Amino acid sequence: MEVRIYTDSSRLPEMQYRNFFHSKTLMMTYEQTKRHRPYMVVAFEGDVIVAHMMAVRRNGKCRIFGEGEYAEGTDREAVFNAMLSALTKTLHFPTLYIQVSDLSRKMFAYRYFRRLHYFPIQWLEAHNSLHSKNPKDRITKTHLRKVAYARKMGVVTSLVESEEDLDEFYRTTRRYYNYNLRKFCPTKKFFASLMNTEESKLFISWYNGRPIATCAIVCTGNESSLEGRDAFLWFAAYKTKSHPRLHPDVITIWNVMNWCYRHNINHFRFMDVGLPFFKNSYYEFLLSFGCKSVGTNRWFHFFPGILNWLLRKIFR
C-alpha cells in the first residue's frame with residue numbers, strides 16, 4: 001500500500017467524494033482561507049485509490065473530522081492506520097497537536113491509535129433522529145412556548161441567498177465569535193464558498209429586519225441528494241443577551257431542524273457539544289430538543305514527544 005499526501009487541490013487524482021468534510025470542494029475552500037492549510041491523504045493499492053482522508057491545520061492545530069472515505073471491501077481500520085501514520089510523520093513543528101474527532105464508532109481503530117501514541121479524551125456528541133419521528137414530538141413544552149412567542153413577535157429564519165444576506169450573516173457571526181476565545185470565525189470568503197456549495201446551507205434569523213442569529217450546516221452522506229443525508233451544525237451565533245425574550249438560539253435551531261426534517265435529512269447532529277462534565281449548559285440545552293446523547297472519544301497527539309508522553313500518562 002502506498003500513501004500520498006497532497007497540499008495542492010489541483011494535483012489531486014480523480015476520485016469520488018461523498019463526505020463533504022473529506023472533499024476536494026472543502027479543500028479548495030480552505031486553500032483560499034487565511035491561516036488554514038489542508039492535507040489530503042490518499043491511499044493506493046497499485047493504481048487504485050482505496051481511501052482518502054482530509055486534515056486541516058490552523059495556527060498549529062490540526063483536526064480531522066471522521067475517519068475519511070473508503071472503497072467497498074477495504075479494511076477500514078488498517079488503511080486508516082496507514083494514512084494517519086503517514087500524516088503524523090509529516091506534521092511536526094510548528095504543529096502543536098493533531099485531533100481526530102467525530103468517528104463513526106467510539107472504538108474505531110482503538111489499537112492503531114494506541115500504537116501511534118495517540119491518547120483519548122472522553123467527549124459528548126448529540127443528535128436528533130429526524131427519520132423516525134417529527135421533531136415536534138421530541139421538543140419540550142417549555143421550548144415550544146419559546147418558539148411560539150418568537151414567531152408571534154415576528155421572528156423568521158431564512159436561507160442566505162444574496163450578497164446582502166451574506167454580509168449580515170458574517171457580521172453577526174464574527175461579532176459573536178470574537179467574544180468567545182475558544183471559537184474561531186473564518187473569513188467572509190470561507191462562508192461565501194459554503195453558500196455556493198450544494199452540501200452546505202447558511203441560515204439567518206430576522207427580527208424587525210435585523211439579524212438576531214445565524215447558523216451554518218453541512219449535509220453530508222453517501223446519497224447524491226439531500227434526502228437521506230446527515231446534517232451537521234457547524235457554525236452558530238445568537239444575540240441572546242440583546243434579545244433574551246426572543247430566545248434566538250431556540251427559534252433558530254428549531255427552524256433549521258424543521259427545514260432538515262422537511263428535506264428528509266436523517267439526523268441533525270451537533271458538533272463540539274463539549275466535555276462530559278456534571279454541568280454542561282449547552283448539553284442540557286440540546287436535550288430540551290429531544291436529542292440523544294452519545295459518549296465518544298477524541299484522539300490527540302501532541303508535539304514534541306515529551307509533552308505527548310506526559311499527556312498519555314495522564315489520559316490513560
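Exactly one residue out of Val218, Val250 is part of a strand (DSSP E or B) and either among the β-branched types (Val, Ile, Thr) or touching a helix residue (DSSP H, G or I) at 6+ places or on another chain (Cβ under 6 Å) (or both), and it is Val218.
With respect to the conditions (1) open to solvent by 30 Å² or more (accessible area, probe 1.4 Å); (2) assigned to a loop (DSSP other than H, G, I, E, B); (3) β-branched (Val, Ile, Thr), Thr33 lacks only one, and its number is (1). Taken over segment 49-84, residues that are hydroxyl-bearing (Ser, Thr, Tyr) and either in a strand (DSSP E or B) or under 23 Å from the mean Cα position of the chain (by Cα) (or both) amount to 1. Taking segment 294-316 as the range and being surrounded by 15 or more Cβ atoms within 10 Å (Cβ to Cβ) and part of a strand (DSSP E or B) as the test, the residues that pass are Thr296, Asn297, Arg298, Trp299, Phe300, His301, Phe302. Of all positions in segment 147-165, none carries a residue that is within 28 Å of Leu275 (Cα to Cα) and without any contact (Cβ under 8 Å) to a residue 60 or more places away in the chain.
Residues in segment 93-141 that are surrounded by fewer than 12 Cβ atoms within 10 Å (Cβ to Cβ), over 30 Å from Met53 (Cα atoms) and in contact with a helix residue (DSSP H, G or I) (Cβ under 9 Å, 6 or more places away or on another chain): Asn134 alone. Residues in segment 43-83 that are free of Cβ contacts under 8 Å to residues at least 40 places away in the same chain, of a type in the set (A, V, I, L, M) and either open to solvent by less than 10 Å² (accessible area, probe 1.4 Å) or in contact with a helix residue (DSSP H, G or I) (Cβ under 6 Å, 6 or more places away or on another chain) (or both): Ala51, Met53, Met54, Val56, Ile64.
In segment 11-27, how many are open to solvent by 40 Å² or more (accessible area, probe 1.4 Å) and either in contact (Cβ under 8 Å) with a residue 60 or more places away in the chain or closer than 12 Å to Ser193 by Cβ (or both)? Residues that pass the stated criteria total 3.
Pairs meeting the criteria (first residue in segment 252-266 and closer than 15 Å to His143 by Cα, second residue open to solvent by 30 Å² or more (accessible area, probe 1.4 Å), beta carbons under 7 Å, at least 6 apart or on different chains) are Thr252/Thr157; Thr252/Tyr238; Asn255/Thr157; Val256/Thr157.
If you go through segment 267-278 one residue at a time, do you hit one that is modelled with pLDDT under 90, of a type in the set (Val, Ile, Thr) and in contact with a helix residue (DSSP H, G or I) (Cβ under 8 Å, 6 or more places away or on another chain)? The answer is yes; a qualifying residue exists. Looking across segment 249-279, just one residue is hydroxyl-bearing (Ser, Thr, Tyr) and crowded, with 21+ Cβ neighbours inside 10 Å, and that is Thr252.
The values are calculated or read from the model by the stated rules, or taken from the named source; none is laboratory data. This is a predicted model, so every value here is computed, not measured. Because the Cβ atoms are built from the backbone with ideal geometry, glycine has one as well, and the counts that use them run over all protein chains shown. Each accessible area value is taken on the protein alone, full model and side chains, heavy atoms only, with ligands, DNA and RNA left out. Shrake-Rupley method; radii C 1.70, N 1.55, O 1.52, S 1.80 Å.
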